[in-house]
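Here the structure comes first, spelled out in structure tokens, and everything after it is commentary.
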Amino acid sequence: MAYVDTHFHIWELDRFEYSWPTKNDKTLFKNFQIEDIEEAVKATPVKYAVFVQCLNNKPEEAKWVMELAKNHSIIKGVVAGLDLTSTDLTKVLDDMQKNQLFKGCRHILDFEDEKWITREDVFQGLKVLEDRGLTFDLLLRPHLLKYIPDLIRRLPKLKFVVDHIAKPYVKDGKMSPWKEEIAAIAEFPNVWCKISGLVNEGDLNNWKKEDFQPYVDHVIRCFGIGRCMYGSDWPVCSQAGCKYVDVYSLLNDLLPSLSDEDKEKLFKENGRKFYSLQL
């Protein structure tokens, strides 16, 4: 058994200038290195993982991780933060695609105007990703979901994945309008969903498994087990007092009736398929 984590981060605070984490976050404002996650996954069946960017418009971050992969076989894919609106995007992608570990892009929307994802120059950049068979991670919060269907209609062949089930308001127990809007997105067959980042949307100091059950049940109903994938969001999960094994066990425990075949899909095959991983 060799499972795949489709969403982890590492950072070295003196290597790049990070907008986040900040000094106020004592849990995360320190270096997290590849050796740390290699050690963390030992308590689970996870053997491989996909790095996801922490920095917008910074191909150097992805290149750093791809260089690390030469000596760390856990890294099987890299999602980069590239400037989708740059006139140099095709040149940057030509360079990035020389390395087979480069799988696609993500952009941290928290640092942008709410309607950034609707801009025409952003669409043109995403169209380039679509034409090249790359992927795009959608880092959404509930208030942004309303903008996504129109975007996806224009990019029917681009493989999208919603990170962290779009960060519903778990702590408040609020389902709508997240419930209806995530269902609308799931109707598009080129959109997948990462069941990740759950603990950070609950009560950081007092979360319990039952808090997340209706949200996980809903995304699996909407996307089907064939378009959902496991992500740890390590080390961000440590904000909720979680070790790596706690996040893995939480999702496992939320799905007690899942067959072995479906577990293989959720924890391995769907991530491999979406990101075209060579395992």
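The mean accessible area for residues of the chain, using a 1.4 Å probe and ignoring ligands and nucleic acids, is 45 Å² per residue. Label region 1-88 by shape, choosing from rounded, prolate and oblate, from the square roots a ≥ b ≥ c of the eigenvalues of the Cα gyration tensor; if a/c is under 1.5 it is rounded, and otherwise prolate applies when a/b is larger than b/c, oblate when it is not. Verdict is oblate for region 1-88. If you plug the beta carbon distance of ALA43 and PHE111 into 1/(1 + (r/R0)^6) with R0 = 35 Å, you get a FRET efficiency near 0.55. Among the listed pairs LYS115/LYS174; LYS30/LYS127; LYS30/LYS265; LYS42/LYS194; LYS159/LYS265, which are separated by more than 26 Å between their Cα atoms? Result: LYS30/LYS127; LYS30/LYS265 exceed 26 Å.
Across the accessible surface of region 3-275, with the other protein chains kept in place and a 1.4 Å probe, carbon and sulfur atoms take up 46 percent. Between the listed residues ALA184, LEU155, GLY173, the Cα displaced farthest toward the positive end of the dipole of region 138-190, a dipole computed from Cβ unit charges relative to the Cα centre, is found at LEU155. Modelled label positions at ASP121 and GLU67, each set 7 Å beyond Cα in the direction of Cβ, lie 3.0 nm from each other.
The Cα atoms of region 43-147 give a gyration tensor whose axes a ≥ b ≥ c have a/c of 1.5 or more with a/b no greater than b/c, which makes the shape oblate.
Projected onto the charge dipole of the chain (+1 at Lys/Arg Cβ, -1 at Asp/Glu Cβ, origin at the Cα centre), which of LEU68, GLN33, HIS218 gives the Cα projection farthest towards the positive end? Of the listed residues, the answer is HIS218. Put simply, when 2-12, 269-279 are sorted by average Cβ atoms within 10 angstrom per residue, most first, you get 2-12, 269-279. For the chain, the ratio of Cα radius of gyration to the globular rule of thumb 2.2 N^0.38 Å stands at 0.93.
The values are calculated or read from the model by the stated rules, or taken from the named source; none is laboratory data. These numbers were taken from a predicted model, which means no experiment stands behind them. For neighbour counting, all protein chains shown are included, and Cβ atoms are generated from backbone atoms with ideal geometry for every residue, glycine included. Protein only, heavy atoms only, side chains kept; ligands, DNA and RNA dropped before computing areas. Shrake-Rupley method; radii C 1.70, N 1.55, O 1.52, S 1.80 Å.
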